[in-house]
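Only one structure is covered here, and it is reproduced in the block below.
The values are calculated or read from the model by the stated rules, or taken from the named source; none is laboratory data. Here the structure is a predicted model, which means the values were calculated and not measured. Heavy atoms of the whole protein, side chains included, go into the accessibility calculation; ligands, DNA and RNA do not. Shrake-Rupley method; radii C 1.70, N 1.55, O 1.52, S 1.80 Å.
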Amino acid sequence: MTVARSVRVRGIVQGVGFRPFVYRLAQSHSLAGWVLNGEDGVDIHVEGLEGAIDAFVGELKANPPPASQITGIDAEPCGASGFGEFTIRETRRAGHPSTRISPDLPVCAECLAEMRDPADPRYGYPYINCTNCGPRFTVIESLPYDRCRTTMKAWPMCELCAGEYHDPSNRRFHAEPIACPQCGPRYAPGIHETIELLKAGSLVAIKGLGGYHLACDARNEPAVRLMRERKFRKEKPFAVMAANLEVARTLIEIGAETEALLTSAARPIVLARALAALPGIAPDTQELGVMLPYTPLHHLLFDAGAPDVLVMTSANRSSEPIAYRDDEARLHMAGIADALLVGDRPIARRVDDSVARVGAFGPAVLRRSRGYAPGAVCTIPSERPILAVGPDLKNTVTLVTGGQAFVSQHIGDLEHYDAIQAFEETIADLLAMYEIDAGELTVAHDAHPEYVSTVRGQKLGWVSVGIQHHRAHIASVIAERQAWDRQVIGVSFDGTGYGDDGSIWGGEFFAGSVTAGFERVRHMRPACLPGGDAAARNPVQCAAGFLARDLSAEPFCFPPRYRQAREMMRKQVRTFTTTSVGRLFDAAAALLGFTREITHEGQAAMWLESLARTALDSSTVYPFPELDYEPLLDAVIEDRVKGRDRGEIARAFQRGVARGMCDAVRELCELQATAVVCLSGGVFQNDLLLADIKEMLPELEIWTNHSVPPNDGGISLGQAALAAFPHA
Ligand code: ZN
Ligand code: ZN
Ligand code: FE
């Protein structure tokens, strides 16, 4: 007896070969009906024998296409219409689309094999792709995902491509960016010219998926130095691309989890302990960021003899957003790149490479961008759409619609005109993509009244709400687990964030839940911070603020800036109060010899962590009683004067911070009758600190960020979560 069922599949199910998969599955079970891309997923109607339909649904769940991510399947009985065959129907459009857009995918093994086969029509073709691989987010102009709404719309398919595109049994059936050398876009001038330039030590700007990379031979020290000079990037580590996993193994320590991250579909830059010395690439740190090739072009370059390790950094001047339009790249790269390798296919939006690592608590994303964005991170219950605009540093924005929280790609620091423009473009893009009218939005922004994101955010939307920075950090951890009611102790150790009292926070302990709100229950003893923002760039200013005594003599030898800061303190001009643990790390770094101005955010703390890793003896733990930093820094000074190994001092300092924090947490957990502690904030990017905390708190459940960064890149998600549960 023929029965019928209506099946709805939600998740990342468009643009990943889902419809042809359903088609083939229906055929193999002799079912009739249809499949189409609906507004919030894939809609299927099947008719046939009940047992066959059950088997069909079972396989749908068990073996979906590799690039898909199913979040829900509903199957309901419905009336049979007497279809004679199974067909793929055209896309239907109605209300708000809430379908998830697939992130970009790395080239698959089958396409790679074809690209390397001289007999294949796509031999050596840098734009080869199929339904299992290739660009998605970076070519999609609007939804639903069809070729006419991608940046491939300008290239009509040739006979070969059209044949494959329309053949349900082909791997390229409805592969929207399908192309071949006959009909598709090209790269100019060419692979071989580029390789010769790279080998000769030149800098080449190479168009990639979400923007231009600036590339050079990572083993060529003069080339790397040239890159630093031309990019105005003094010391910030460069990421490199290794030709393959074998080469990567010679560069960094790769365990099973790190390998899984390196070869995951997101193909992020993975930070791990460096094994090889690449001069000038990552000064002052023992870690190196490595990624594997992910586009066909990358493989073509390495196959044809490019240096086996390339610096691949975003093509921009320091701290500007990555260039992604051809004219923009030509303009920005003039005087920086010796040549450009330009591909014809336009990039729909800028998406940087992501950064991740395997830390003490497992894999964690430190910059969430290509390969992850714009995937939903979690569900957040909200009737009304929410737009959370993030903070001003490491900005991302989060849109909540249809209960899904979409976190944008990394936008950057909203300090320059270009970055602010990128911020506005990304918001407009997200709203357009999901057809949200700004007038219906609840906008969540940082509590800092002068942040660019705050000022711009307040102009959008129907209503706006300020969310305190460190509460947002804690909420971002809980959002990943969707434990809205869970009573926790939240610890936010951070650089800078605007506090309830207008002072600079960053060493905060909270008790509560996302639904009930977070009460600040403890904090580091407040210190002075002469010079405000300038102190964040000058560790010696932090040392002057945290310690009343004069440290001009040996072994400290601080530069004049230290005296000026002390003078500011004495006269009480431009002197602020702070509880920031980030600044405490800076003060300690100054005491240990980092006395110059930093050239990138978090540099002094990273330097201190690296120093601490050199310690052979980690038995000493300096005192940090009741979160009072004075005994802690006194111990640093005392041992420094005694001439103790600086690595050991750095380690004892870090262990002191960890011990002090753990003591406070244990007490608070008892007081609040909870065993869950959430850690978030920039300081927790320090993996050695996390490992110490893990060791010191075996009895508690420790939650950290995994899908969004513990740094300010995760703030927008936390803002969105807190805005979804308004408190009195
Ligand atoms: Zn493929
Ligand atoms: Zn073609
Ligand atoms: Fe922060």
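Quick notes on this one:
- Accessible surface of the stretch 21-62 [probe 1.4 Å, protein heavy atoms]: carbon and sulfur percent: 51
- Working from Cα pairs under 8 Å separated by at least six residues, relative contact order for the chain is 11 percent.
- Angle in degrees between helix 646-672 and the longest Cα principal axis of the chain, rounded to the nearest 10: 70
- The angle between the Cα long axis of helix 603-613 and the main principal axis of the chain comes to about 80°, on a 0 to 90 degree scale.
- In this structure, the residue pairs whose Cα-Cα separation is over 32 Å, taken from LYS236/LYS694; LYS153/LYS199; LYS207/LYS234; LYS153/LYS236; LYS207/LYS236; LYS199/LYS394, are LYS153/LYS199; LYS153/LYS236; LYS199/LYS394.
- Cut-off under 5 Å, modelled amide H: who pairs with THR87 long-range: GLY33, TRP34, VAL35
- Distant-in-sequence amide H partners of ALA239 (H built 1.01 Å from N, under 5 Å): MET312
- Rounded to the nearest whole Hz, the Karplus-based 3J(HN,Hα) values (6.51 cos²θ - 1.76 cosθ + 1.60, θ = phi - 60°) of the stretch 535-544 follow the sequence 5, 5, 9, 10, x, 5, 5, 5, 4, 5, with x at glycine and proline.
- Note on the chain: antiparallel DSSP beta bridges, both residues inside, total approximately 75 percent of the bridges counted.
- Karplus-derived 3J(HN,Hα) values for the stretch 456-473, using 6.51 cos²θ - 1.76 cosθ + 1.60 with θ = phi - 60°, are 5, x, 5, 7, 8, x, 8, 8, 10, 9, x, 10, 5, 3, 7, 5, 5, 4 Hz; glycine and proline are entered as x.
- Heavy-atom accessible surface of the stretch 605-684: percent carbon and sulfur, 1.4 Å: 48
- HN-Hα J in Hz across the stretch 340-354 - Karplus 6.51, -1.76, 1.60, θ = phi - 60°, x for Gly and Pro: 10, 9, 10, x, 6, 5, x, 9, 6, 7, 7, 9, 6, 5, 8
- Per-residue surface analysis assigns ARG317 an accessible area of about 80 Å², computed on protein heavy atoms at 1.4 Å probe radius.
- Estimated at the nearest 10 Å², the accessible area of GLU601 is 110 Å² with a 1.4 Å probe.
- Surface per residue (accessible, 1.4 Å probe) for the chain, Å²: 37
- The stretch 152-294: antiparallel DSSP beta bridges as a percent of all, rounded to 5: 75
- A 1.4 Å probe, protein heavy atoms only, puts the accessible area of SER169 near 90 Å².
- Rounded to 10°, Cα long-axis angle of helix 18-28 versus longest principal axis of the chain: 40
- Residue order for PHE83, PHE556 - accessible surface, 1.4 angstrom probe, largest first: PHE83, PHE556
- Fraction of accessible area attributable to carbon and sulfur, the stretch 458-522 (%, probe 1.4 Å): 44
- For the chain, calculated [θ]222 nm from helices alone, where every DSSP H run of n ≥ 4 adds -39500 (n - 2.57): -9500 deg cm²/dmol
- Between ARG522 and PHE509, the built amide H atoms are under 5 Å apart, and every one of these is 5 or more places off in sequence or on another chain.
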